[in-house]
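Each reported figure results from applying straightforward, stated rules to the coordinates on display, with no laboratory input. Quick caveat, the model's predicted, so the values are computed rather than measured. Cβ: placed from backbone, ideal geometry, glycine included. Neighbour counts: every protein chain shown.
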Amino acid sequence: MAVADEIEVRLRTKFAPQTLEVHDESDQHIGHAGYREGGESHFRVVIAAAEFGPLSRIERHRAVHAALGPDLVGRIHALALQISG
């Protein structure tokens, strides 16, 4: 399964978001640190879920990282998050 698909499945399962967009931006980082041939290294996630409402920005980021798990996060070089409640 592609990394973007894994991200989407794990976030949908954990948060049942109203909005979820997962963008593989790896091609924008060719020649930069962490870029891998074939991509799947740099991602941008836009997510909105009620669960994030009462959380601080740091707590939201921690919740997303926990939902993805260390195995998946360890395979990603860069993860930009736009999170709303």
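Here are some notes:
- Estimated 222 nm signal from helices in the chain, with DSSP H stretches of n ≥ 4 weighted -39500 (n - 2.57), rounded to 500: -11500 deg cm²/dmol
- Counted over the chain, the DSSP beta bridges are approximately 45% antiparallel.
- Taking amide H as placed 1.01 Å from N in the peptide plane, the amide H of residue 40 sits under 5 Å from that of 26, each at least 5 places away or on another chain.
- Net charge of neighbours whose Cβ lies under 13 Å from the Cβ of residue 4, counting Lys and Arg as +1 and Asp and Glu as -1: -4
- Highest mean packing first, where packing is the average number of other Cβ atoms within 10 Å per residue, the peptides 67-74, 14-21 line up as 14-21, 67-74.
- Across the options 56, 26, 79, the greatest Cα extent toward the positive end of the charge dipole of the chain (unit charges at beta carbon of Lys, Arg, Asp, Glu) belongs to 56.
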